[in-house]
1. Which entry in (1) 37, 18, 13; (2) 33, 19, 16; (3) 27, 22, 13 matches semi-axes √(5λ) of the Cα gyration tensor in Å derived from the coordinates of this structure?
2. Counting pairs of alpha carbon atoms under 8 Å apart in space and at least six apart in sequence, what relative contact order in percent does the chain give?
3. Calculate, in nm to one decimal, what residue 141 and residue 74 gain on full extension: separation in residues at 0.36 nm each, minus their alpha carbon distance.
4. Convert 4 °C to kelvin, take the viscosity as 1.567 mPa s, use the Kirkwood radius over C-alpha pairs of the stretch 1-106 as Rh, and evaluate the Stokes-Einstein diffusion coefficient in µm²/s, rounded to a whole number.
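What follows draws every value from the coordinates through simple rules; no lab data is involved. Treat the numbers as computed from the prediction; the structure is a model and nothing was measured.
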C-alpha cells in the first residue's frame, strides 16, 4: 500500500470520492483565519459540520455500546460547540465519502486541536464504505473546549493497494454504510 498524493486525491474526487470537494488548502474565510481544510500534500483535511451531539450525564445512563441510550446526548446545531471538561461530543464531516474498493483510509486529528487537549477519533474508512464520517471529539482538559463548525478538524490519509480487497465493507453489508448525519453506535 502507498499513501496517495494530492494529484491522486484530486483525480479521485473528480469521480465523486469526496463531496463537496475543496481542491486546495483553505486557510482564510469570511471571518478571517480558519483552521485549514481541503487537499493537502498527501491527504484531505475534513471539516466538521454544524450538527453536534454533546454527551450529558443528566439521565445517569450507563454507556453501553451494545445498547446505547440516545438520551445520553443533547443535540446542538451551531457554528461552535462547547464540550464540557473531561467529556466528549459527536459530530460529522461536511464531506460525504465514497471509498474505492482498493483504498483504505486512516484519519488523524489536526495538531491545532491536539495541542489544546482535544482529541479527534475516527475509525478507518474501509474499502467501498460511503457516508458522512462521524467524528468523536474528546475534551481531555479540566476546562470547557470549543470546536468550530465548517473548519478543518482531521486529516484523512488514503492508502491504495495494488489489488482490490476480497470482501469490501459494502459486500459485508456494514451497519454504517451510507450514513448521513451524526450516527450513534449500532449493535
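1. It is the value labelled (3).
2. It comes to 28 percent, rounded to a whole number.
3. Details: separation 67, 0.36 × 67 = 24.12 nm, distance 2.02 nm.
Here the segment from residue 141 to residue 74 would lengthen by 22.1 nm.
4. Details: Rh = 16.4 Å.
D, rounded to a whole number, is 79 µm²/s.
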